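To start, the structure itself, in structure tokens.
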Amino acid sequence: MTHAPVSPEPVTPGAVGALRARRFPSPPPPLRRPLYVLAVLALLAQMAWAMVTTAVQQTPTIDEPVYVGTATVYLREHSLRFNPEHPPLGKLLIAGGLAFAHPRLDPSFEGDQTELGRSVLYAQGNDPGRLMRAARLPVIALTLLFGLVVLAFARDLTGAPGGLLALALYAFSPDVIAHGSLATLDVPAAGFLLTSAWALWRARKRPRLHLPLAGSALGAAVATRMSTLPAVPVLLLAAALSVWHADRRGAERGTERPAAGRSLRRAAVAAGGVGVLAVAVVWAAYLVVDPRLRWTAPDTLPALRGLRAAAVDALPLPRAYKDGMAVQFGFEDSTFEGFLFGRHYRGALWYYLPAAVLVKTPLGMLALWLAGAVALLALPRLRPAAPYLLVPAAVLTAAAMTGSRDFGVRYVIFLPMLGAVTAACTTALRRRWAAAAAALAVFVAVSSLRTFPYYLPYSNEAFGGTSKTHLRLHDSNVDWGQDLGRLADRLRERHPGERVWLVYKGSGDPAHYGIDAADPRDVPKDRVHGLLVVSDSAVAKAEGRLAELIAGSEPIDEVGHSITIYRR
């Protein structure tokens, strides 16, 4: 018995659409534009308020006077002689703010960069509060602009809801708020790297439009901090990958696809072009400071040998940059003191930074970073973003973990930025996962708001909150000299007329803020009576005389969760 052939059912456009929807799920539908814009503005306004309030209330941290003094020299003398271990771009941004404060500079000053910073702030007729506010404002503005990059990167990757989630995590990050409100280089360098990664991701569709931005941003990062150098080969490979993908995408759209060899050559040329542009930005930063590039290596410059010397000499960068790298290698060859979970030690612990990040990052943020990374790797349509997000973060973190300075999570400040974009990938999962992500984001916001305005010493609830950070970490995680002004106010309000003995870790001048104090380590122990005021980083590493003084005293007050007041 024969059967008539069964003709296949015609494939309707609706069936094709359903098939495509199953294979290539579309991003979440965009929210109403006015409400979306309002939410973005509200998040950025909250962040701006937090950073400006913090900047106004905090006195200079340890690194800031060096950068302010160097930036003032840039403005007044166009000289590169100070702070060669950091390239000039970040300090040029600080100088842009200082230009409106018209800082005075004594042309006869002689001293090192630390003495320069203290002299500019306190000894040359300048108003230190006004200078610090002017120096911090450009970094605050740049930090807010990087928030828009986070938003755009996450929107490109996951859609409008993901963009809003990423911006919320960024805007409420205590570490980003803390360091984005200071005249330092950590946030600008990390933000430029983020911008380069985002531009490279967009170059997968329009390489000619976005590769120049990627190269410029990469150069800006390298011209701000040398710690960004490990990311250069990663992002150059990402540039090549973007061009290769653009060729493949053009073939899928019906245009002629270049031969494999030609496509590889185009990718290599693109990576080389990005690298050349980055190098040009570095040279431009030095030329802006001094068009004649006058530079004399300091007498104390460490000598480089072997592979280090060969690698540094091979770089197509200014001599001042190369000598700055020698200074950095000198730091890496030195031994510093650290403090982690109550243990005071010499040297560096490879697990210090992961442990510090675990303490200093909101719990909801940690959960969203992990969930976002899993989603990014698990979902085929998101997986191509891994070389632009996960790989740079992993390489930079690994490089930072090998460093000799266990001083704080600011060395991995790129994690809250790249992590926020990665966390947005959770919105591409099923709807119940998106609801969980929103709940975790609210948890992050509450945790961040509770620490206001003490963002620098923040730690999450699992480790006791901000008031307990000093028991587990030190230095820029807790006490970076930022609360000298608050200490002066506290002594006037609660302890007027009492004898004060001060052990302060910072670059500020106590006398300028009206603190009349002596160092208790300079006199016999039995003469130390009254108030003993000690920075928490000094408490963490106390030995000998100071440890004996603290042991014989009773804690009665604290200032900014970074300074403890004892009574003897």
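The values are calculated or read from the model by the stated rules, or taken from the named source; none is laboratory data. Predicted model only: the values in this text are computed from it and were never measured. Glycine also receives a Cβ, built like all others from the backbone with ideal geometry; neighbour counts cover every protein chain displayed. When the accessible area is computed, the model is the full protein with side chains, heavy atoms only, and any ligands, DNA or RNA have been set aside. Shrake-Rupley method; radii C 1.70, N 1.55, O 1.52, S 1.80 Å.
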Working only within segment 299-315, note down all residues that are within 29 Å of the chain's Cα centre (by Cα) and among the small types (Gly, Ala, Ser). 309, 311, 314
So how many residues does segment 280-311 have that are open to solvent by less than 40 Å² (accessible area, probe 1.4 Å) and within 28 Å of residue 241 (Cα to Cα)? 2
Subset of segment 530-551, residues outside any helix (DSSP H, G or I) and either surrounded by fewer than 13 Cβ atoms within 10 Å (Cβ to Cβ) or touching a strand residue (DSSP E or B) at 6+ places or on another chain (Cβ under 7 Å) (or both), comes to 530, 531, 532, 533, 534, 535, 541, 543
Out of 320, 303, sole residue that is closer than 21 Å to residue 113 by Cα, of a type in the set (A, V, I, L, M) and outside any helix (DSSP H, G or I): 303
Between residues in segment 312-334 that are closer than 22 Å to residue 281 by Cβ and without any contact (Cβ under 8 Å) to a residue 12 or more places away in the chain and residues that are of a type in the set (Asp, Glu) and open to solvent by 30 Å² or more (accessible area, probe 1.4 Å), which pairs lie under 9 Å by C-beta distance while being six or more apart or on different chains? 322/313
Within segment 286-300, considering residues that are touching a helix residue (DSSP H, G or I) at 6+ places or on another chain (Cβ under 7 Å) and in a loop (DSSP other than H, G, I, E, B), the one nearest to residue 214 (Cα to Cα): 293
Flagged in segment 323-347 as over 30 Å from residue 80 (Cβ atoms) and in a loop (DSSP other than H, G, I, E, B), in numbering order, are 341, 342, 347
The residue from 178, 214, 160, 190 that alone is more than 24 Å from residue 85 (Cα to Cα) and crowded, with 24+ Cβ neighbours inside 10 Å is 214
Identify all residues within segment 390-438 that are under 14 Å from residue 154 (Cβ atoms) and not aliphatic (A, V, I, L, M); write none if there are none. 416, 419, 422, 425, 426, 427
Of the numbered conditions (1) open to solvent by less than 30 Å² (accessible area, probe 1.4 Å); (2) assigned to a loop (DSSP other than H, G, I, E, B), residue 469 satisfies every one except a single condition; which is it? (2)
Would you pick out the residues in segment 422-439 that are surrounded by 22 or more Cβ atoms within 10 Å (Cβ to Cβ) and either touching a Cys at 6+ places or on another chain (Cβ under 6 Å) or over 13 Å from residue 164 (Cβ atoms) (or both)? 422, 425, 428
Inter-residue pairs, beta-carbon under 7 Å, first β-branched (Val, Ile, Thr) and in segment 341-360, second surrounded by fewer than 19 Cβ atoms within 10 Å (Cβ to Cβ), 6+ apart: 359/463
Do the conditions hold for residue 84, that is, is it at pLDDT below 95 and either closer than 23 Å to residue 155 by Cβ or assigned to a loop (DSSP other than H, G, I, E, B) (or both)? no
Among the numbered criteria (1) closer than 23 Å to residue 512 by Cβ; (2) open to solvent by 40 Å² or more (accessible area, probe 1.4 Å), which single criterion is violated by residue 78? (1)
Residue count for segment 454-486, restricted to those that are in contact (Cβ under 8 Å) with a residue 60 or more places away in the chain and basic (Lys, Arg): 2
So residue 558 passes all but one of these: (1) modelled with pLDDT under 95; (2) open to solvent by 50 Å² or more (accessible area, probe 1.4 Å); (3) not basic (Lys, Arg). Which condition number does it fail? (1)
Scanning segment 99-146 residue by residue, the ones that are open to solvent by 30 Å² or more (accessible area, probe 1.4 Å), part of a helix (DSSP H, G or I) and under 30 Å from residue 300 (Cβ atoms) total 5
